[in-house]
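Please read the structure below before turning to the comments.
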Amino acid sequence: MNQSANENLYPSTARDVQAIITAQLQQLWAQPERADKVAPLMLWGAPGVGKSTIVRDLCQRQNIDFIDIRLAQREPVDLRGLPVPKDDHVDWLLAGEWPRDPDSRGIILFDELSAADRTLQAAAYEIILDRRLGDLYRLPPGWLVLGAGNRMTDRAVAYSFSSALANRFCHLNLEPDVEQWCRWAQQQGLDPTVIGFLKFAPENFFNMEGSTEQGWPSPRSWERVAETIGQAERLGLNAQQQRIIVNGLIGAGAAAAFFAYRETAEELPDVGAMLRGEIPVRVPRTNDAVYALCAAVTHYLWRADKRDYHARLQVLFSISSKLSSDFATMLMLDSLRDYEHGGERLHEQRAERVFSHPGYTDWTAQHGMQFTAALESLV
């Protein structure tokens with residue numbers, strides 16, 4: 001697979017990739033005897049876009065096993081097995097990581113496939129393409145095999161595929177999507193300041209235009225920023241040490257923009273106290289601060305005793321009454337999303353609480369047209 005061929009691939013989001021993998025799993029499980037007819041997927045994408053994370057999260061939601069094999073860290077013998085002399089011939093001792101249970105289900109991801117040398121690639125192809133290792137091992141029919149790697153344009157180590165090999169795969173070109181990442185980050189409970197910043201300044205989400213020899217912004221590095229900021233107090237990191245770490249993760253430019261935004265966010269009133277009705281509702285005037293407020297409200301809204309939801313929703317509607325319809329709709333959708341199942345559909349219990357609340361009637365009178373259009377775009 002050469003550079004120009006990669007560039008011609010139709011771009012895929014994380015949602016697209018997970019939907020396609022899910023369809024292949026359903027096809028595999030419905031007709032296990034036709035497992036060899038399911039074309040292996042090859043996920044192409046820049047470093048840090050979350051190729052393995054997407055597959056791992058899907059396996060967790062499907063409650064199936066996941067085996068992540070980083071080929072660049074392996075030797076051919078790790079895959080093919082260790083030759084063991086026996087009488088007048090040689091047997092092969094296979095690695096214990098290969099699934100043996102014939103009724104098991106899962107996904108094997110051969111990551112960094114494009115970074116492995118030709119000898120190692122050849123050792124992986126037998127199980128990727130033929131679902132077996134010689135005559136000694138055959139993959140159980142409930143398992144899907146995927147490949148993943150970096151493109152030759154991504155400034156990473158990458159070897160081209162032969163035309164014959166490339167023709168055996170279904171190739172997906174994964175592109176970073178800041179909105180889907182933010183929904184995923186909310187599902188994971190990551191720091192709301194990072195989520196609010198990336199919604200406010202999405203151009204800082206992924207950028208390989210500068211130096212990539214040190215830290216640069218990517219979905220992977222932003223996840224690590226969110227983990228650092230969220231645990232800074234518990235870890236005893238002061239403000240200067242946090243800046244050093246974040247700068248090392250995403251580079252100086254994105255770090256400077258993030259901390260400028262964070263200073264604005266820190267000037268907000270205590271959003272948790274606001275939702276509890278302990279302090280009056282106050283909505284900032286600048287867009288960056290409004291993004292920070294909405295992210296914080298989404299983060300704290302449902303993290304309370306169920307008996308408090310009615311009062312908290314009243315504060316939500318009070319906040320929304322002071323917002324433009326764009327911000328009010330974003331806040332409402334983020335508050336209703338079913339993050340446990342991918343973040344696209346509405347959470348039924350939350351929706352019932354919101355739509356049956358007395359404040360919803362006035363809210364729809366003010367923002368209903370924009371909200372309805374947003375809902376239709378999700379269908």
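The values are calculated or read from the model by the stated rules, or taken from the named source; none is laboratory data. All values derive from a computational prediction rather than experimental measurement. No Cβ is skipped: glycine too gets one built from the backbone with ideal geometry, and neighbour counts run over all protein chains shown.
Remarks
- Summed over region 202-233, residues that are of a type in the set (Val, Ile, Thr), touching a residue at least 24 places away in the same chain (Cβ under 8 Å) and closer than 19 Å to residue 261 by Cβ total 2.
- Filtered by the rule that a residue be part of a loop (DSSP other than H, G, I, E, B), crowded, with 16+ Cβ neighbours inside 10 Å and not charged (D, E, K, R), region 178-206 gives 190, 201, 205, 206.
- Here the condition is being buried (at least 20 other Cβ atoms within 10 Å of the Cβ), assigned to a helix (DSSP H, G or I), at pLDDT below 95 and touching a Gly at 6+ places or on another chain (Cβ under 6 Å); of 265, 292, it holds for 292 alone.
- Hits in region 240-280 (condition: farther than 15 Å from residue 192 by Cα and among the β-branched types (Val, Ile, Thr)): 244, 245, 246, 250, 279
- Only one entry of 347, 310, 367 meets the criterion of being on the phi < 0 side of the Ramachandran plot and touching a strand residue (DSSP E or B) at 6+ places or on another chain (Cβ under 9 Å), and that entry is 347.
- Criterion violated by residue 40 - all others in (1) of a type outside the set (Gly, Ala, Ser); (2) at pLDDT 85 or above; (3) closer than 18 Å to residue 169 by Cβ; (4) out of contact with any strand residue (DSSP E or B) (no Cβ under 6 Å at 6 or more places or on another chain) satisfied: (4)
- Unique match (being surrounded by fewer than 21 Cβ atoms within 10 Å (Cβ to Cβ), in contact (Cβ under 8 Å) with a residue 12 or more places away in the chain and either in contact with a Gly (Cβ under 6 Å, 6 or more places away or on another chain) or in the same structural domain as residue 199 (by TED's automatic domain parsing) (or both)) among 303, 285, 307, 276: 276
- Tabulated pairs, region 187-200, first more than 19 Å from residue 272 (Cα to Cα), second at pLDDT 90 or above and not in a helix (DSSP H, G or I), C-beta under 7 angstrom, 6+ apart or interchain: 198/205
- Check on residue 95, in a helix (DSSP H, G or I) and at pLDDT below 75: no
- Qualifying residue in region 341-355 (condition: in a helix (DSSP H, G or I) and in contact (Cβ under 8 Å) with a residue 60 or more places away in the chain): yes
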